[in-house]
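Asks: One structure, as structure tokens, below. Some questions next.
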Amino acid sequence: MTDSGKVSDTILQTTGLVKEFKGFVAVSDVNLSVRRGQIHALIGPNGAGKTTVFNLLTKFLPPTRGAIVFNGHDITREKPAQIARRGIIRSFQISATFPHLTVLENVRIGLQRQLGNSYHFWRSERVLDSLNGRAMELLDTVGLTELADTITVELSYGRKRALEIATTLAMAPELMLLDEPTQGMGHEDVDRVTELIKKVSANRTILMVEHNMGVVARIANTITVLQRGQVIAEGPYEVVSQNPQVLEAYMGSADTELKGAHG
């Protein structure tokens, strides 16, 4: 591959990313390179700075120093709405599903981005019905077709997360940021959502924060490990899980969890 090909292979890159809060350094000199078409996991102990990095990438927080480049464009100073229009969509941005609307109606709201720059709750039923075909395709992708007419509040927790992924997909993301997608789930739901993430990653790039090492081991191509706001290791699971600094950062039961995640 040519050098220029290697450059285009990187969809998101941060250089020297720093975030300070009144003297406390939450993110320190983070250089992150996310390759197009991969599942990239951001892991680390509590307080490692993972969510702060996500907030910097989606512009919920301005960086103190450093640069963020997406698809060759410097987006460091852009606003959240500009970031979303570029195709960076974070799951929680639209994960507050409307509990008293149906599953289909929730996905349709995500699809309204195609009709303009804002959500039109007063749009005629005829206009909204034109989105039903695509909405059903998305529900089929996440295994919710048979629940299209179900009121969202009646869904199980795992299926609500599947709906969140469908509504995220409805916004046509080029880069999906998933923040703890399996948090609080039982084994069956974890397995379902893990397979779903693997499925929807086929034509897009995913950057995810995830505590469950079993999930990370199964689907992540590349893993970046943060500790106290700094990158301490990066690579495939097989390499990262053997890194002494990573094992020390997790310690105790997490040490065992890292080593046994493939088991």
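The numbers here are math on the coordinates, done by the rules we state, and not lab data. From a predicted model like this one, the values you see are computed outputs, not experimental measurements.
Asks: Taking a 23 Å limit on the Cα-Cα distance, which of the listed pairs LYS59/LYS199; LYS22/LYS59; LYS22/LYS50 fall beyond it?
Replies: Beyond 23 Å between Cα atoms: LYS59/LYS199.
Asks: Between THR15 and ASN203, what length in nm is gained on full extension when 0.36 nm per residue of separation is reduced by their alpha carbon distance?
Replies: Here the segment from THR15 to ASN203 would lengthen by 65.1 nm.
Asks: Okay, next question. From the Cα gyration tensor of the range 141-182, with a ≥ b ≥ c the square roots of its eigenvalues, which class applies: rounded if a/c is under 1.5, or else prolate if a/b is larger than b/c, or else oblate?
Replies: oblate
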